[in-house]
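So that we are looking at the same thing, I have put the structure below in structure tokens.
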Amino acid sequence: MTAFPAGTILGYPRIGRRRELKRAVEAHWAGKSSADELESTAAELRAATRRRLADLGLGRTDSSIPESFSYYDQVLDLSVALGALPTRFQNLRGADGSFGLDALFTAARGVGEHAPLEMTKWFDTNYHYLVPEIGPETAFSLSSGRFAQQVAEARADGFTTRPVLVGPVTFLALAKASDEAGSDYRPLDRLEDVLPVYVELLASLRAAGADWVQLDEPALVSQSLPYADAELAAAAERAYAVLGAAADRPQILVAAGYAQLSAQAWSVLAAAPIEALAIDLTRGSLPASASGLDSKVLVAGVVDGRNIWRGDLAAAFDKLEAARGLGAAQVSVGTSTSLQHVPHDVADEAQLDERLRSWLAFADQKVEQVVVLARGLVDGREAIAADLEAATAALADRAAAPGVRVDAVRARTASLAAADFERGNEEERVAEQTAALGLPVLPTTTIGSFPQTGDIRRARAAHAKGEIDDAAYEGFLREEISRVIDLQHDLDIDVLVHGEAERNDMVQYFAELLDGFAVTQNGWVQSYGSRATRPSILWGDVSRPAPMTVRWAEYAQSLSQKHVKGMLTGPVTILAWSFVRDDQPLAETANQVGLALRDEIADLENAGIQIIQVDEPALRELLPLKADDQAAYLDWSVGSFRLATAGARNATQIHTHLCYSEFSVVIDAITALDADVTSIEAARSRGDVIDDIRDSGFPHGVGPGVWDIHSPRVPSVDEQQAILQRAVDALPHQLVWANPDCGLKTRGYDETVESLRNLVAATKNVRAGISA
Ligand code: GLN
Ligand code: ZN
């Protein structure tokens, strides 16, 4: 039995501080490097991470350094290790029967007849995992030695690290039923079958030299999964009875971050034959004492793994002291979640304002905080008094800094009245819009962006580097807009877009133009696989110093007799895809953004734009994991959208766009957005969502996507027509729009032109049916 360290982190970014893993993996995919070369780059990256964490103060041999590397995704790693890849990948096993890198990447990305695993959001984050597919045909068997190899690799380098694996309950709770299984098949019912493989896996880790293993069980905090709290807790009870009883195993730390552990799961785990339990004390509060805790280590997650703020270190230490009152055998300090959700190092942001930088903590700074707090736990509060004071001083400095609280912005949100959230009566709106817009039945449109070509990216980079001046860049963008408008004329699309060539990203573009935001240089965070995003930092009160989109919209409109849609990103999505401030309720921040957008909409109207789209693809993503918190969230999130749009004239048609198809989960909220037209993803399910729309009695215009833009495949006229016809048959045809699933920025022009031609042809066919 080795002791648990006084401080640890639950995981660390694995993409590399300069996205080395992205580059290595993509080079391998492109055939530019062998599997061996990729493996050795990855091993170097892991070695550098261990050394870095030791330099920051974590112990080399006390298991405080997590072994949390993944080539693509931590859930996929378990599908592979447990041999649980779907049938269509089973022929990819190597000569020794195990799954290698090839199988892993094929399952992640799809090749030929091997359709990839589905990807979905990891809890309420912007990280995406690959969904396991489990059915009666799934046979579990240990099928990869990667976890043990990494432990051994660390040992050879003088480190004893703590391997991090998704735990059995979470693995199954996040899985979906395979195609072979019936729709009422419940993957969690396979717990008994998966546990023996976990037992084997633990034995292999022990044999490789692991003293501790971390099993991540965030499913135990979530009420957004298809299992009740009690079912999940019962599964955890059974799982850890079995794993705890295994003869040859490392000591077990079960980690449950992202929110409060359910009461049932907490008492089950406190009593379980495991050695340590990590809970999230940033999004959850201290539970009541529970029996069994007196023989366990409690890892108190007081350092926030999901935001980038230095925060209140003294308050964190207070929580640790309070946690000691629960009666655990030992209290250690931890992060609330893995640090995979934050960038590597504030030191890589030399261009940021120095004062702002002093308020920030990325992964490396969070590690330092854990190390300080651990020292406090061992040596007493006095020993770290200077660190606590420095953090408190930074917090006070932040609270008083110019821009953090701006009187004019606050006065405006404080004076909002109910009427500011209400548009004109819907019937009158529809009448005025019908008269003003002169649209055909089943109007065709696109979601906003046109392909972001190499030329566009090069011009943007050249402009950023100062190689071309503002006037040249502006001229380039105007040409691009006029090309896109001509193309839409040629295709005979009804409602046009300007194509969004000026936008690097649908959130960052606005963040760069709004006051209250800062943009990082190296602040990359893994979104999925080799993809990373660079969220902006929303640090102060938000306001709009000048119009942001008007000159592009106005120019595009000047080129056409048809309507050109104005194109904005909504307040919820701007918040969801940025690092937001933690010093006030999100609702307040959302209203500030809403007001800035409201002013933009007024300016667009004054410039002659009559149709304006406000995208909210992240509305569902921020939905809290706890059922009790959902109503309040939907209230403020919908409210901020309404605040942004309610100032629009009756005759102005407001559109919104939501990417996902789980329409039914938040259908009431989508209705309450009160947008005149909503476009959503529908093509992958061939329009299944249309039934939900019909059943809900959705009263507004709706454009179920008829072309799945996530694939380069060109959908035929018939295929698109079938979905559109389905919509027209199910819904009042006056409400239906014809559009793709999402923006076209990741597509090439060839498939875009062909697919849109088919879309317009399909629409004309369906229209002919209606008038006949
Ligand atoms: N208007 C955006 C675009 O077309 C919408 C993108 C999105 O929903 N993610 O690119
Ligand atoms: Zn979309």
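Restricting to segment 481-501, and then to whatever is surrounded by fewer than 21 Cβ atoms within 10 Å (Cβ to Cβ) and more than 18 Å from Asn758 (Cβ to Cβ), can you tell me which residue is nearest to ligand 1 (Cβ to nearest atom)?
Arg483
Sticking with this structure for a sec: Exactly one condition in (1) over 30 Å from Asn425 (Cα atoms); (2) not in a loop (DSSP other than H, G, I, E, B) is not met by Asp582; state its number.
(2)
Related question: Would a scan of segment 156-168 turn up a residue that is out of contact with any helix residue (DSSP H, G or I) (no Cβ under 9 Å at 6 or more places or on another chain) and in a helix (DSSP H, G or I)?
yes
Pairs, please: C-beta under 8 Å, at least 6 apart or cross-chain, first residue more than 18 Å from Trp552 (Cα to Cα) and part of a helix (DSSP H, G or I) and in segment 442-469, second open to solvent by less than 50 Å² (accessible area, probe 1.4 Å) and aromatic (Phe, Trp, Tyr)?
Ala462/Tyr473
Filter segment 687-745 for residues that are polar (S, T, N, Q) and over 24 Å from the mean Cα position of the chain (by Cα) and give the result. First the steps, then the outcome.
So the first thing to find is which residues in segment 687-745 are polar (S, T, N, Q), and the list is 696, 711, 716, 720-721, 725, 734, 739.
The answer is Ser696, Ser716, Gln720, Gln721, Gln725, Gln734, Asn739.
Starting from residues that are away from ligand 2 (no atom under 16 Å from the Cβ) and of a type in the set (S, T, N, Q), keep the ones in segment 602-648 and report whichever is modelled with the lowest pLDDT.
Among them, the one singled out is Gln630.
Determine which member of the set Ser482, Ser449 is at pLDDT 95 or above and within 16 Å of ligand 2 (Cβ to nearest atom).
Details: Ser482 fails: within 16 Å of ligand 2 (Cβ to nearest atom).
Every option except Ser449 fails the conditions.
Restricting attention to segment 703-732, and to residues there that are touching a Gly at 6+ places or on another chain (Cβ under 7 Å) and of a type in the set (A, V, I, L, M), which single residue is nearest to Leu442 (Cα to Cα)?
Ala727
A follow-up question, please. Determine if segment 649-663 includes at least one residue that is β-branched (Val, Ile, Thr), more than 14 Å from ligand 1 (Cβ to nearest atom) and open to solvent by 20 Å² or more (accessible area, probe 1.4 Å).
Scanning segment 649-663, I find no residue that is β-branched (Val, Ile, Thr), more than 14 Å from ligand 1 (Cβ to nearest atom) and open to solvent by 20 Å² or more (accessible area, probe 1.4 Å), so the answer is no.
Here is a further query. Please find, among Tyr473, Tyr509, the residue that is within 14 Å of ligand 1 (Cβ to nearest atom), part of a helix (DSSP H, G or I) and of a type in the set (Ser, Thr, Tyr). It would help to see each step written out before you state the result.
Values: Tyr473 fails: within 14 Å of ligand 1 (Cβ to nearest atom).
When all the criteria are applied, what remains is Tyr509.
Please state which one of Gln734, Gln725 is among the polar types (S, T, N, Q), in contact (Cβ under 8 Å) with a residue 24 or more places away in the chain, in a helix (DSSP H, G or I) and closer than 18 Å to Asp494 by Cβ.
Details: Gln725 fails: closer than 18 Å to Asp494 by Cβ.
None of the other options fit; the residue is Gln734.
What's the number of the condition Leu117 fails, among (1) surrounded by 18 or more Cβ atoms within 10 Å (Cβ to Cβ); (2) at positive phi?
Exception for Leu117: condition (2).
Taking Pro712 as meeting all but one of (1) free of Cβ contacts under 8 Å to residues at least 60 places away in the same chain; (2) assigned to a loop (DSSP other than H, G, I, E, B); (3) open to solvent by less than 20 Å² (accessible area, probe 1.4 Å), write down the number of the exception.
(3)
Something else: Give the residues of segment 659-689 that are within 15 Å of ligand 2 (Cβ to nearest atom) and either touching a residue at least 60 places away in the same chain (Cβ under 8 Å) or touching a Leu at 6+ places or on another chain (Cβ under 6 Å) (or both), sorted by residue number.
Answer for segment 659-689, where residues must be within 15 Å of ligand 2 (Cβ to nearest atom) and either touching a residue at least 60 places away in the same chain (Cβ under 8 Å) or touching a Leu at 6+ places or on another chain (Cβ under 6 Å) (or both): Cys659, Ala675, Val677, Ser679, Ile680, Glu681.
Would you mind stating whether Ala590 is touching a Lys or Arg at 6+ places or on another chain (Cβ under 8 Å), assigned to a helix (DSSP H, G or I) and either of a type in the set (S, T, N, Q) or crowded, with 23+ Cβ neighbours inside 10 Å (or both)?
Working: touching a Lys or Arg at 6+ places or on another chain (Cβ under 8 Å): no; assigned to a helix (DSSP H, G or I): yes; either of a type in the set (S, T, N, Q) or crowded, with 23+ Cβ neighbours inside 10 Å (or both): yes.
No.
Would you confirm, using the coordinates I've provided, whether Leu293 is open to solvent by less than 10 Å² (accessible area, probe 1.4 Å) and either among the hydroxyl-bearing types (Ser, Thr, Tyr) or without any contact (Cβ under 8 Å) to a residue 60 or more places away in the chain (or both)? Lay out the reasoning, then the answer.
Working: open to solvent by less than 10 Å² (accessible area, probe 1.4 Å): yes; either among the hydroxyl-bearing types (Ser, Thr, Tyr) or without any contact (Cβ under 8 Å) to a residue 60 or more places away in the chain (or both): yes.
Yes: the conditions hold for Leu293.
For segment 105-133, enumerate the residues that are among the hydrophobic types (A, V, I, L, M, F, W, C) and either without any contact (Cβ under 8 Å) to a residue 60 or more places away in the chain or under 18 Å from Val169 (Cα atoms) (or both).
From segment 105-133, those among the hydrophobic types (A, V, I, L, M, F, W, C) are 105, 107-108, 111, 115, 117, 119, 122-123, 130-131; that's our starting set.
Residues satisfying the conditions are Ala107, Val111, Ala115, Leu117, Trp122, Phe123, Leu130, Val131.
Has segment 359-366 got at least one residue that is away from ligand 1 (no atom under 16 Å from the Cβ), among the acidic types (Asp, Glu), at pLDDT 95 or above and surrounded by fewer than 20 Cβ atoms within 10 Å (Cβ to Cβ)?
Step one: of segment 359-366, the residues away from ligand 1 (no atom under 16 Å from the Cβ) are 359-366.
Adding the requirement that they be among the acidic types (Asp, Glu) leaves 364.
From the residues that got through so far, the ones that are at pLDDT 95 or above too are 364.
Remaining after also requiring surrounded by fewer than 20 Cβ atoms within 10 Å (Cβ to Cβ): none.
No.
Still on this structure, I have one more. On the given criteria, is Asp750 open to solvent by 10 Å² or more (accessible area, probe 1.4 Å), under 20 Å from Gln488 (Cβ atoms) and either of a type in the set (Lys, Arg) or away from ligand 2 (no atom under 16 Å from the Cβ) (or both)?
On the way: open to solvent by 10 Å² or more (accessible area, probe 1.4 Å): yes; under 20 Å from Gln488 (Cβ atoms): yes; either of a type in the set (Lys, Arg) or away from ligand 2 (no atom under 16 Å from the Cβ) (or both): yes.
Yes: the conditions hold for Asp750.
Separate question: Output the residues belonging to segment 405-426 that are assigned to a loop (DSSP other than H, G, I, E, B) and either farther than 18 Å from Arg642 by Cβ or open to solvent by 60 Å² or more (accessible area, probe 1.4 Å) (or both). Give the derivation first.
Initial filter on segment 405-426 (assigned to a loop (DSSP other than H, G, I, E, B)): 405-406, 415-417, 422-425.
Listed by number, the residues that qualify are Arg405, Val406, Ser415, Glu422, Asn425.
Could you go through segment 564-581 and let me know if any residue there is over 30 Å from Arg306 (Cβ atoms) and aliphatic (A, V, I, L, M).
First pass over segment 564-581, keeping only residues over 30 Å from Arg306 (Cβ atoms): 564-566.
Subset that is aliphatic (A, V, I, L, M): 564.
Yes - at least one qualifying residue is present in segment 564-581.
Here is a follow-up. In the list Val689, Val717, which residue meets the criterion of being farther than 23 Å from Gln610 by Cβ and either out of contact with any Phe, Trp or Tyr (no Cβ under 6 Å at 6 or more places or on another chain) or more than 16 Å from ligand 1 (Cβ to nearest atom) (or both)? Even if it seems obvious, please write down each step before you answer.
On the way: Val689 fails: either out of contact with any Phe, Trp or Tyr (no Cβ under 6 Å at 6 or more places or on another chain) or more than 16 Å from ligand 1 (Cβ to nearest atom) (or both).
On inspection, the qualifying residue turns out to be Val717.
Restricting attention to segment 435-466, which residues are more than 34 Å from the chain's Cα centre (by Cα) and not small (Gly, Ala, Ser)?
Initial filter on segment 435-466 (more than 34 Å from the chain's Cα centre (by Cα)): 435-441.
Result: Leu437, Leu439, Pro440, Val441.
The values are calculated or read from the model by the stated rules, or taken from the named source; none is laboratory data. Predicted model, so just to flag it, every value in this text is computed and none were measured. Neighbour counts run over all protein chains shown; Cβ positions are idealised from the backbone, glycine included. Ligands, DNA and RNA are excluded from the accessible area calculation, which covers all protein heavy atoms including side chains. Shrake-Rupley method; radii C 1.70, N 1.55, O 1.52, S 1.80 Å.
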